[in-house]
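Below is one structure, written out as structure tokens, with a few remarks after it.
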Amino acid sequence: LTILLILTAVFGLYGGCSSGGGSNIPADIRAIFNEPLYNGAIWGLRVVDLDTGKVLINLKPDYPFFVGSVRKVFSVGELLNQIGADHLFVTPIYKDGEVDESGVLDGNLILVASGDISMGGRTEDDGQFAITDFDHNEADSLGNAELTKPNPLKGYMAIAQQIADSGITQVDDVVIDDRLFQPFPFRMEGSFAIRPIFVNDDCVDLIINPTSPGMEASVDWRPKSSALGVDNELITSAAGTDYTLELDPEFPGCIGQPGCTAAIRDELPVDFVPPLTNEYPLIQTFRITQPQNYARTVLIELLEDAGVTVLADTVAENPVGKLPPKNSYSQDDLVTTFVSFPYSDYAKLILKVSYNIGADTSLLLWGVGQGVDNMNDALAAERVNLTDNHGIPGDEYLFFDGSGGDDTFATNPAVTKWLTIMSESTGYEALFDGLPILGVDGSL
């Protein structure tokens, strides 16, 4: 007997589990529904026997639940089915000129972004992919995080060394080709947009510890780059005072401009206990709002460290005017490539910690595979796929991105239909292995 279950709840005007279809709900589950904590909640529960297709429990099958991150099983599942769990993202670096006998390139190096969401920044020493239960992408909203151990610039360091090893000693400039898909404004429009290039998940991590009352708190950060400096104005305050830590701004808009900085300020009480981990360090993040500019600066700095001279300014706007026509690169000009982890590892990251930007990127990449390069067209193509190809009625779901933002809703039959489809697909094992286990791993 194979059971497929989806349990949902929203808070509204109706309490308990008074609607039809729930008369056979086990008493222990019904007791949870009826706890005072959930007064005003609307519960849905659908249990399907996959072996026979029989619906065993069907509570509120027509209700449009705000499913939130359950949406991710669609966007991640679709990309798993399209490219395969073992798919490797290959990021090529090309030269746009000739290299003389001394290694001088009369032209630029161009990194063509592939949508690789880690770029080697989660690679453990033993080659494993690093995930923590409290991911840094949610550090500011949840109040804390647990950082992975690998150097977040590990992939870019490898790229720089490979370029140096190719014999190139000097280049005019470095350009990031981020034209794989159009930038997508993430949730808070105007704050930052998702692009197919990433550095440390597009976060600068602040690693914070208290010192003595009246003294500056200890603030370190990673990665360190002249693309964004950090001003530490955070004071350790006396026990019992208010925690008023502030990031100014949380979304620095100056990345790509020389001297770009952001500040951490106000007060950190000496007796403050960090949430989630209940221990220091306390983690907060600045968002890398212009990852194409940040990645360019990082790669230039690492090239210089590897012995390759770059004549252009280290900190500047990504010079897209120097790019050739899209998709016009010749294999003769390929300098090196960087190869990612398999997508199954990325699927696990996205699902275990509910990584919103990774889910949005997954849908955008799925759209690229369907011949479109923007979120609106990807959503339209997905609707055709789910409704026409898989038989999920179009009035039973509405998606606005790949991660569950805005008023994303779906009915329980729509979700169990998709899970049934996934259970019969080649991507099922990776999807199932990626799901968080309540109380065991992931952000649940």
Among residues of segment 113-166 being open to solvent by 20 Å² or more (accessible area, probe 1.4 Å) and of a type in the set (Asp, Glu), the residue farthest from Phe89 (Cα to Cα) is Asp140
Leu247 - would you say it is surrounded by 22 or more Cβ atoms within 10 Å (Cβ to Cβ), farther than 30 Å from Asp373 by Cβ and in contact with a Lys or Arg (Cβ under 9 Å, 6 or more places away or on another chain)? no
How many residues does segment 359-372 hold that are out of contact with any strand residue (DSSP E or B) (no Cβ under 8 Å at 6 or more places or on another chain) and surrounded by 15 or more Cβ atoms within 10 Å (Cβ to Cβ)? 9
Out of Leu299, Leu303, sole residue that is touching a Ser or Thr at 6+ places or on another chain (Cβ under 9 Å), open to solvent by less than 50 Å² (accessible area, probe 1.4 Å), among the hydrophobic types (A, V, I, L, M, F, W, C) and assigned to a helix (DSSP H, G or I): Leu303
Is one or more of the residues making up segment 99-112 surrounded by 20 or more Cβ atoms within 10 Å (Cβ to Cβ) and part of a loop (DSSP other than H, G, I, E, B)? no
Checking Ala410, Ala380 in turn, the sole residue that is open to solvent by 30 Å² or more (accessible area, probe 1.4 Å), closer than 25 Å to Pro64 by Cβ, among the small types (Gly, Ala, Ser) and out of contact with any Lys or Arg (no Cβ under 6 Å at 6 or more places or on another chain) turns out to be Ala380
Is there any pair linking a residue in segment 101-119 that is under 10 Å from Val171 (Cβ atoms) to one that is small (Gly, Ala, Ser) and not in a strand (DSSP E or B), with Cβ under 8 Å and at least six apart or on different chains, and which? Gly103/Gly167; Leu105/Gly97; Asp106/Gly97; Gly107/Gly97; Asn108/Gly97
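Residue-wise test of (1) assigned to a loop (DSSP other than H, G, I, E, B); (2) of a type in the set (A, V, I, L, M); (3) touching a Pro at 6+ places or on another chain (Cβ under 9 Å).
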| site | (1), (2), (3) |
| --- | --- |
| Thr132 | yes, no, no |
| Glu138 | no, no, no |
| Thr148 | yes, no, no |
| Ala160 | no, yes, no |
| Arg179 | yes, no, yes |
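Yes/no per residue for (1) in contact (Cβ under 8 Å) with a residue 24 or more places away in the chain; (2) surrounded by fewer than 20 Cβ atoms within 10 Å (Cβ to Cβ); (3) not acidic (Asp, Glu):
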residue	(1), (2), (3)
Pro183	no, yes, yes
Ile208	yes, no, yes
Thr211	yes, yes, yes
Lys224	no, yes, yes
Val230	yes, yes, yes
Thr236	yes, no, yes
Gly240	yes, yes, yes
Exactly one of Gly402, Gly391 is open to solvent by less than 70 Å² (accessible area, probe 1.4 Å), at pLDDT 95 or above and farther than 23 Å from Leu180 by Cα, and that one is Gly391
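The values are calculated or read from the model by the stated rules, or taken from the named source; none is laboratory data. Worth saying up front: this structure is predicted, and the values here are computed from it rather than measured. With ideal geometry, Cβ positions are generated from the backbone for all residues, glycine too; neighbour counts draw on all protein chains shown. The accessibility values were calculated without ligands, DNA or RNA, using every heavy atom of the protein model including side chains. Shrake-Rupley method; radii C 1.70, N 1.55, O 1.52, S 1.80 Å.
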